[in-house]
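Asks: This structure is in structure tokens; I'll ask about it shortly.
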């Protein structure tokens, strides 16, 4: 599970904006937000940096 969508919306970013900032496709962002794809650490870090949010607030590791 993750809260990427919540933080992205809170930052007033579109999926396309976040995709561009992190170097992934919009479809990848959609899949992450729907919990259909678990990003690797490199993508998770880029998302965290782009949203200026600690990684542990964005992603739940069980």
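Asks: Examine segment 1-20 for a residue that is surrounded by fewer than 17 Cβ atoms within 10 Å (Cβ to Cβ), modelled with pLDDT under 95 and over 9 Å from the mean Cα position of the chain (by Cα), and state whether such a residue exists.
Replies: Within segment 1-20, one or more residues are surrounded by fewer than 17 Cβ atoms within 10 Å (Cβ to Cβ), modelled with pLDDT under 95 and over 9 Å from the mean Cα position of the chain (by Cα).
Asks: So which residues in segment 38-60 are surrounded by 14 or more Cβ atoms within 10 Å (Cβ to Cβ) and either in contact (Cβ under 8 Å) with a residue 40 or more places away in the chain or not in a helix (DSSP H, G or I) (or both), if there are any at all?
Replies: Within segment 38-60, 39, 47, 51, 53, 58, 59 qualify.
Asks: Out of all the residues in segment 23-37, which are assigned to a helix (DSSP H, G or I), in contact with a helix residue (DSSP H, G or I) (Cβ under 9 Å, 6 or more places away or on another chain) and free of Cβ contacts under 8 Å to residues at least 12 places away in the same chain?
Replies: Result: 26, 27.
The values are calculated or read from the model by the stated rules, or taken from the named source; none is laboratory data. Given the structure is predicted, the values throughout are model-derived calculations rather than measurements. Note that we place each Cβ from the backbone using ideal geometry, even for glycine, and neighbour counts take in every protein chain shown.
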